[in-house]
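**Student:** Quick one: this structure, given as structure tokens, is what I'll be asking you about.
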Amino acid sequence: MKADKTGMHGVWASRWTFILAATGSAVGLGNIWKFPYITGENGGGAFVLVYLICILTAGIPVMMAEVLLGRKGRMSPINTMKELAGQEKAPQFFQGIGWMGAISGFFILSFYSVIAGWTLYYVVKMISGDFSNVTADGAGEIFGGLLSDPLLLTLLHTIFMVMTGVVIARGVHKGLEDGVRTMMPLLFLMLILLLGYSLTTSGFSQAAAFLFSFDFEHLTGASVVEALGHSFFTLSLGMGAIMAYGAYMPKQASLGKTILAVGFLDTLVALVAGLIVFSIVFTNGLEPGAGPGLMFQTLPLAFSALPGGQWIGTAFFILVAIAAWSSALSIAEPAVAWAVEKGWSRGMATFAVCGFAWVLGLGTVLSFNEWSDVTLWGKTFFDSLDFLTANIMLPLGGMLIAIFVGWFMTAESTNAEARIKNPTVFAIWRFMLKFVSPLAVLAIFLHGLKVF
Ligand code: PHE
């Protein structure tokens, strides 16, 4: 094998393009929609603290490991893991990381597209002025109306899946690279504007206290598992998305700073989104534990209070849709890349992957209306998929990745690929991968299962 092989899918133009693409993958619905609502459901501060600890002890080290594997293998995660597990003489089941990741990818894409569809609907509702002077109850009704309409949800889900498919089929380079380059800074700008607004609301200090006062009484085993799962979900880890993007990373780039930048930006967006959403929640006497609708019922209230809010709101939901779009691409990429390596055309591979995820997504559509009473272990179809992927499959995938790089690759071959110049940083990272990250995941699983 040539040391500088680049694989059949191409390489990012530079380290910056990788940062952009990886940030595009990481920053998405997970930050703006999911983080605030699960924080609300899990009682706030203590949950946020556990989440931050998970990002540092498991998320960032595993992200570096995942990108490293991708760049070393230069193929889809399935084939990369197949090759590297053989090369490093690891037990065969490590090959399963790639397969499990592809399955998680289908599951995640299926519900991600449905929720992203909601943001498209909100773009239209904002433009048409339906949220002008809206009250908290009115915003709740509009959201409730959307959820109770399976045909509308299916239509929106279809539009989003087609948008995803079109870009994926063209190859990620020609597709989103330029778009993301302009859109991500705009999204940051919007968040800052909204943060400025939330500072003027009476609920801001309560929001800050809710997010940052670490009251451990609310913390349960289930919420610790949720925090861990979310740290993987939000960084796009444990399923091969970041591995696939790593496969297109230029050889000479060092992993440390690159990944820290991505992890930092992702966490920042989540915390800012949380501050915005909860300021509005407390100012309007809403319920922090409102669940998946939280963002959709709070933000329109902020926009209706802002001068020019109709247009700011429209722009905001467009940007959220784009953030979701750039994430969705990375969710589909591992399976598509694998099919292309099998000899399929990129178009056919995309059609198959998106088509299958689309069908599965109908289950999520129905779980908000017709099937809302159909539950398994008390969870709807959507809740079950979300729980299974984020809270079980992603942490498990991440743990196996940490063990593989930490225990089956030598320090030399690891750093030949990672190119971390500072030996202390390298040693700390390797120690995290060997011990801290796998044990953190294991402990949290056992805690969640109420073993202790
Ligand atoms: N990280 C994305 C988000 O926060 C979701 C995602 C999960 C993307 C898994 C890729 C892989 O929205």
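The values are calculated or read from the model by the stated rules, or taken from the named source; none is laboratory data. Computed from a prediction, not measured in an experiment: that's the story for all the values here. Reconstructed Cβ throughout: ideal geometry from the backbone, glycine too, with neighbour counts over all protein chains shown. Surface areas here come from the heavy atoms of the whole protein model, side chains and all, with no ligands, DNA or RNA. Shrake-Rupley method; radii C 1.70, N 1.55, O 1.52, S 1.80 Å.
**Student:** For the chain, which whole-number percentage of the solvent-accessible area (1.4 Å probe, protein heavy atoms only) is attributable to carbon and sulfur atoms? Don't jump to the answer; show the numbers that get you there.
**Tutor:** Working: 11790 of 17050 Å².
With neighbouring chains kept in place, the figure for the chain is 69 percent.
**Student:** Filter the cross-link list Lys82/Lys251; Lys72/Lys251; Lys34/Lys434; Lys89/Lys257; Lys82/Lys421; Lys251/Lys434 down to pairs whose alpha-carbon distance in this structure exceeds 19 Å. Numbers along the way, then the final one.
**Tutor:** Working: Lys82/Lys251 21 Å; Lys72/Lys251 9 Å; Lys34/Lys434 30 Å; Lys89/Lys257 30 Å; Lys82/Lys421 29 Å; Lys251/Lys434 24 Å.
The answer is Lys82/Lys251; Lys34/Lys434; Lys89/Lys257; Lys82/Lys421; Lys251/Lys434.
**Student:** Follow-up question, since we're still on this one. On a C-alpha basis, how far is the centre of region 176-213 from the centre of region 36-95 in Å? Whole number, if you could?
**Tutor:** 27
**Student:** Turning to a different aspect of this structure: Round to the nearest 10 and give me the degree value, 0 to 90, for the angle of helix 437-448's Cα axis relative to the longest principal axis of the chain.
**Tutor:** Helix 437-448 sits roughly 50 degrees off the main axis of the chain.
**Student:** Between beta-carbons, use under 10 Å as the cut-off and find the net charge around Gln95, counting Lys and Arg +1, Asp and Glu -1.
**Tutor:** Numbers: positive: Lys82; negative: Glu83.
Net of charged neighbours comes to 0.
**Student:** Between 0 and 90 degrees, rounded to the nearest ten: what's the tilt of helix 45-54 against the longest Cα principal axis of the chain?
**Tutor:** Once rounded, the angle reads 20 degrees.
**Student:** Here's a follow-up. Would you kindly derive the ³J(HN,Hα) couplings of region 326-342 from the backbone phi angles with the Karplus curve 6.51 cos²θ - 1.76 cosθ + 1.60 (θ = phi - 60°), listing them in order in whole Hz, with x for Gly and Pro?
**Tutor:** 5, 6, 4, 4, 6, 6, 7, 3, x, 5, 5, 4, 5, 4, 5, 5, 6
**Student:** Something else: Report ³J(HN,Hα) in whole Hz for each residue of region 349-354, in order, from the Karplus equation J = 6.51 cos²θ - 1.76 cosθ + 1.60 where θ = phi - 60°; Gly and Pro get x.
**Tutor:** With the stated coefficients, region 349-354 comes to 4, 4, 4, 5, 5, 5 Hz.
**Student:** Excluding ligands, DNA and RNA, what is the solvent-accessible area per residue of region 15-448 at a probe of 1.4 Å, expressed in Å²?
**Tutor:** Working: 15540 Å² over 434 residues.
Value returned for region 15-448: 36 Å² of accessible area per residue.
**Student:** Now a separate question. Just want to confirm a number: the relative contact order over region 15-448, from Cα pairs under 8 angstrom separated by 6+ residues, in percent. Walk me through the numbers before you get to the answer.
**Tutor:** Details: 714 pairs, mean separation 162.8, N = 434.
38 percent.
**Student:** Just add up the charged neighbours of Gln206: K/R +1, D/E -1, any other residue whose Cβ is under 15 Å from the Cβ of Gln206. Don't skip to the end; give the middle numbers.
**Tutor:** On the way: positive: none; negative: Asp215, Glu287.
Combined, the nearby Lys, Arg, Asp and Glu give -2.
**Student:** Identify the residues of region 266-282 with backbone N under 18 Å of a label point that sits 7 angstrom from the Cα of Ala305 along the Cα-to-Cβ direction, or state none.
**Tutor:** Residues passing the 18 Å test: 272-282.
**Student:** Length gain on complete extension for the stretch Val124 to Ser254, per 0.36 nm per residue less the alpha carbon to alpha carbon distance?
**Tutor:** Working: separation 130, 0.36 × 130 = 46.80 nm, distance 4.26 nm.
Between Val124 and Ser254, full extension yields 42.5 nm more.
**Student:** When Lys and Arg each count +1 and Asp and Glu each count -1, what net charge do the other residues less than 14 Å away from Glu412, Cβ to Cβ, add up to? Mind showing how you got there, number by number?
**Tutor:** Details: positive: Lys72, Arg419, Arg430; negative: Glu88, Glu417.
Local charge sum for Glu412: +1.
**Student:** Could you name the aspartates and glutamates in cross-link range of Lys379, using Cα to Cα under 18 Å and dropping any fewer than eight places away on the same chain?
**Tutor:** Qualifying aspartates and glutamates at Cα under 18 Å: Glu41, Glu226, Glu370.
**Student:** Please compute, for the alpha-carbon atoms of the chain, the extent along each of the three principal axes and give them in descending order in Å.
**Tutor:** Result, largest extent first: 63, 48, 41 Å.
**Student:** Could you work out how far helix 294-305 tilts from the main Cα principal axis of the chain, as a 0 to 90 degree angle to the nearest 10?
**Tutor:** The angle comes out at about 50 degrees.
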